[in-house]
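Structure, as structure tokens:
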Amino acid sequence: MWMIYTIGFIVALGLALALTPLVKKFAFKVGAVDVPNARKVHTKIMPRLGGLGIYLSFIVAFLIIVWFVPESFSVREMNFIKAFLVGGTLTVLLGALDDRFDLPAKLKFVVQIATACIVVFGFDVRLEFANIPFHTYASVESWIAIPFTILWIVGVTNAINLIDGLDGLAAGVSGISLATIAVMAFIMGNEVVALMSLLLLGSILGFLHFNFHPAKIFMGDSGALFLGFCLALLSLLGFKQVAIVSFLTPLILIGVPLSDTLFAIIRRWMQKKPIFSPDKGHLHHCLRELGFSHRQTVLIIYGIAAFFGVLAVIQSSAAMYNANWVTFVVICVMVFFLQIGAEVIGLIGKTKRPLLNFLARLRMKVGEERGSK
């Protein structure tokens with residue numbers, strides 16, 4: 001299986017390197033381009049549809065490699081694979097149409113809900129077990145599992161799109177999350193999830209050759225929505241057969257887009273602006289305002305994503321042995337660094353720094369006490 005995984009990764013990588021230039025020409029031909037405006041960083045017309053190259057590389061690599069898998073898939077695994085392929089195809093088609101025609105947001109939302117319903121009801125893929133930290137795992141009732149799974153798929157699908165603001169950012173962060181999922185899948189013996197993750201990772205790395213700054217093509221909604229959908233299924237449902245995986249793990253896996261979305265909601269609520277109104281207060285915008293270059297900003301966010309990945313591996317490994325104290329430590333570390341980072345960067349607001357101010361006062365108090373002695 002190690003040889004198959006390696007070959008699959010290389011095949012997907014090679015296909016992405018070969019297909020992405022063809023997708024670029026196709027995007028110009030059909031008019032799927034991104035025109036600069038006040039909110040965007042690029043200054044010239046860029047081809048979109050890059051997600052189509054990622055998707056085609058993944059699909060072709062999967063169809064090639066699946067013939068060499070020595071073991072037959074179980075019914076559950078086959079349902080997961082079918083749901084993954086059908087849902088991913090519908091999602092990338094939706095994104096491709098949006099890249100070309102700029103579809104209304106309501107229409108995209110309806111199609112995403114319909115796609116999630118197909119995955120849940122058509123292939124019986126849903127959350128089955130949960131291990132809330134400090135509790136034993138238990139089955140999840142259908143009336144909770146079904147709406148939660150649909151909400152998770154739609155939410156994560158759109159979360160990746162929110163961080164797609166710089167060359168190579170969304171693709172790189174998604175790749176780091178997929179690499180983390182692959183590591184966790186190897187640890188847990190989930191060969192199907194490991195295979196799908198590595199094929200996707202190879203496709204993303206091949207695409208990044210053309211998407212890293214200065215980009216020659218954007219992934220567009222076809223890529224952002226497709227990768228979001230893939231992460232939604234792999235981060236949560238891919239591990240449902242391992243009942244002791246903590247519910248916290250999938251949240252950590254998508255820590256960058258999830259935290260950026262959360263701080264955006266808080267920021268707009270405090271500024272009394274509509275929650276869904278676009279602004280230039282996202283993580284990558286704030287880092288650029290601090291003086292970091294385009295590449296430096298992307299690499300910093302890669303580092304943050306890798307930090308979340310390490311926490312996810314630690315958390316899931318601890319959950320397997322019911323080490324709840326590790327879960328508590330992970331939560332504390334994550335929350336602390338999220339808040340500190342948000343205040344330093346200015347994600348909530350330039351003057352909203354309660355934790356930094358508290359630490360400054362605490363340091364002054366300690367300094368005064370030492371001086372008095």
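Table for the structure above
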{"item": "Boolean, residue 115 is within 16 Å of residue 232 (Cβ to Cβ) and open to solvent by 20 Å² or more (accessible area, probe 1.4 Å)", "result": "no"}
{"item": "Criterion: under 24 Å from residue 318 (Cα atoms) and either assigned to a helix (DSSP H, G or I) or within 11 Å of the chain's Cα centre (by Cα) (or both) - qualifying residue of 198, 205", "result": "198"}
{"item": "Qualifying residue in the stretch 315-328 (condition: open to solvent by 50 Å² or more (accessible area, probe 1.4 Å), modelled with pLDDT of 80 or more and more than 30 Å from residue 280 (Cβ to Cβ))", "result": "no"}
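Conditions (1) modelled with pLDDT under 75; (2) open to solvent by less than 30 Å² (accessible area, probe 1.4 Å), marked per residue:
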| position | (1), (2) |
| --- | --- |
| 43 | yes, no |
| 59 | no, no |
| 62 | no, yes |
| 67 | no, no |
| 70 | yes, no |
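Residue by residue, here is whether (1) modelled with pLDDT of 90 or more; (2) among the aromatic types (Phe, Trp, Tyr); (3) touching a His at 6+ places or on another chain (Cβ under 9 Å) holds:
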site: 220; (1), (2), (3): yes, no, no
site: 240; (1), (2), (3): no, no, no
site: 257; (1), (2), (3): no, no, no
site: 267; (1), (2), (3): no, no, no
site: 282; (1), (2), (3): no, no, no
site: 289; (1), (2), (3): no, no, no
site: 292; (1), (2), (3): no, yes, no
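The values are calculated or read from the model by the stated rules, or taken from the named source; none is laboratory data. Keep in mind it's a predicted model, so treat the numbers as computed, not measured. Note: ideal-geometry Cβ built from the backbone for every residue, glycine included; neighbour counts use all protein chains shown. The area values use the complete protein model at the heavy-atom level, side chains included, leaving out ligands, DNA and RNA. Shrake-Rupley method; radii C 1.70, N 1.55, O 1.52, S 1.80 Å.
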